[in-house]
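Asks: This structure is in structure tokens; I'll ask about it shortly.
Nothing in this text is a laboratory measurement; each read-out follows from the coordinates by a stated rule. Because the structure is predicted, anything quoted here is derived from the model rather than measured. Every residue, glycine as well, gets a Cβ built from its backbone with ideal geometry; the counts of neighbours run over all protein chains shown.
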Amino acid sequence: MENPVEHKTILNQTHRDLGARMVPFGGWDMPVHYGSQIEEHHAVRCDAGMFDICHMTAVDIRGSAARTFLRHLLANDVGKLKDQGKALYSCMLKENGCVIDDLIIYFMNDDWYRMVVNAATTEKDIAWMGRHAEGLDVQIQPRRDLGMIAVQGPNAREKSLLLLPEDLRETAERLTPFSAASNGEWFVGRTGYTGEDGFEIMLPEDQVVALWKALTQAGIRPCGLGARDTLRLEAGMNLYGADMDEDTSPLESGLAWTVALSDLNRDFIGRSALVTQKAGGRLPRFTGVLLEGKGVLRNQQKLYDGEQEVGEITSGGFSPTLERAIGLARISADAGENLSVDMRGRKLPVTLVKPPFVRNGKSCL
């Protein structure tokens, strides 16, 4: 059952004025599309689109022990971040190695990191961090005063650059992928969730509506959750709650690359469980899936090797770029290559491929 709507972003009325179809999402009232999900998807792949991501939460981690705290908290190692503004993708794990949340963290200086966490997990994330920060010189500050807009697509940066504050424009133009800059009030990251270039812009909430309208005037198309999901799926990007959750580890979810085990002296939360899981072998395989023939792959559809059930689709959908059904799947280590998916009692063949399916507007198949 869908969570009840408890929250609205500052852009809620703006979406309604644009004729958006609104749906509940993680307790928030959010736009799923503004008329055509397919056209919004193609706008991001071919030109520029933007998304309201004010439902996500920026969290500032400050204090002299911030680095030590984060090296213990996260499976990836913030010790890799040497240059101001550099970002890192990581999972935050329970002691048993399963995923509490996935997030991006930016290194701004030795006493300040900024983290962006998922909407539906915000409260549990903050409580978890607070528990593990006890006794340390660390302040955890959810920035509920900020809003966020993601501007994505091959022309997104060029179209949005002149709308940034003048004292941030030149720095933002020089940003390399997965890095950020701030003027103290606005914060711009060259990051995203679409497989395209672009910015994620954080700014004071009372300035968000004006920026959204200015971006629209600059020819950047408003896009909803529907396009965001097909774009991230084509890009092979995991969705928390579907591809990984509190019952699965990064090693079972195609995220082994986000787990930094090389520093034997870094004892992060969940490390021992992951080391044991890795040593045990026979980990499930996380893979991309193409449906051969007509139909649409959906989450939780079962996969078979002959008559034996060997896994399931974790994220499925129709790819507007490839014009075919694609998905991400978790299958048993001993599954073969010739699998089928159960679609309402019919077993249809699928092909296993390595994600991503699409990057920078082009097929990776």
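Asks: Using θ = phi - 60° and the Karplus relation 6.51 cos²θ - 1.76 cosθ + 1.60, list the HN-Hα couplings for the stretch 112-121 in order, rounded to whole Hz, with x at every Gly or Pro.
Replies: My calculation for the stretch 112-121 gives 8, 10, 10, 10, 10, 10, 6, 4, 6, 9 Hz in order.
Asks: Hey, got a sec? Which trypsin sites (Lys or Arg not before Pro) in the stretch 303-365 land in a DSSP loop and have at most 11 other Cβ atoms within 10 Å?
Replies: Listed in order of number, the matching sites are 344.
Asks: Residue by residue through the stretch 135-142, what is 3J(HN,Hα) from phi via Karplus (6.51 cos²θ - 1.76 cosθ + 1.60, θ = phi - 60°)? Round to whole Hz and write x for glycine and proline.
Replies: My calculation for the stretch 135-142 gives x, 9, 7, 9, 10, 10, 10, x Hz in order.
Asks: Let me ask something else. Multiply the residue gap between residue 167 and residue 308 by 0.36 nm, knock off their C-alpha separation, and tell me the result in nm, one decimal place.
Replies: Answer, rounded to one decimal: 44.7 nm.
Asks: Also: Tell me the net charge near residue 332. Cut-off is 15 Å between Cβ atoms, residue 332 excluded, with +1 for each Lys or Arg and -1 for each Asp or Glu.
Replies: -3
Asks: Going by the alpha-carbon gyration tensor, a ≥ b ≥ c the square roots of its eigenvalues, is the stretch 260-365 rounded (a/c under 1.5) or, if a/c is not under 1.5, prolate (a/b greater than b/c) versus oblate?
Replies: oblate
Asks: Please give me the summed charge of the neighbours of residue 126: other residues whose Cβ is under 13 Å from its Cβ, Lys and Arg +1, Asp and Glu -1.
Replies: 0
Asks: List the GluC sites (Glu not before Pro) within the stretch 1-51 that fall in a DSSP loop (any state other than H, G, I, E or B) and whose Cβ has at most 14 other Cβ atoms within 10 Å.
Replies: Taking the stretch 1-51 and a limit of 14 other Cβ atoms within 10 Å, the loop GluC sites (Glu not before Pro) found are 2, 6.
Asks: Moving on to the next point. In whole Hz and in residue order, list the ³J(HN,Hα) couplings for the stretch 91-103 that follow from phi through the Karplus curve 6.51 cos²θ - 1.76 cosθ + 1.60, θ = phi - 60°; x for Gly and Pro.
Replies: Residue by residue, the stretch 91-103 yields 9, 9, 10, 7, 4, 7, x, 8, 8, 7, 6, 10, 7 Hz.
Asks: Still on this model: Percentage of Cα-Cα pair distances in the chain greater than 37 Å, rounded to whole percent?
Replies: 19
Asks: While we're here: Within the set of other residues whose C-beta is less than 10 Å from the C-beta of residue 55, count the net charge using Lys and Arg as +1 and Asp and Glu as -1.
Replies: -1
Asks: In the structure displayed, which of 86/354; 86/362; 86/124; 80/278; 94/354; 8/82 lie more than 32 Å apart, Cα to Cα?
Replies: Distance filter (> 32 Å) returns 8/82.
Asks: Ranking request for peptides 131-144, 100-113: highest mean number of other beta-carbon atoms within 10 Å first, then the rest in descending order.
Replies: The packing order, highest mean first, is 100-113, 131-144.
Asks: Here's something else I'd like to know. R0 = 25 Å: FRET efficiency of residue 17 with residue 207, Cβ-based, nearest 0.05?
Replies: Given R0 = 25 Å and the Cβ-Cβ separation, E is 0.90.
Asks: Taking H as built 1.01 Å from N, whose amide H comes closer than 5 Å to the amide H of residue 339, not counting residues under 5 places away?
Replies: 350
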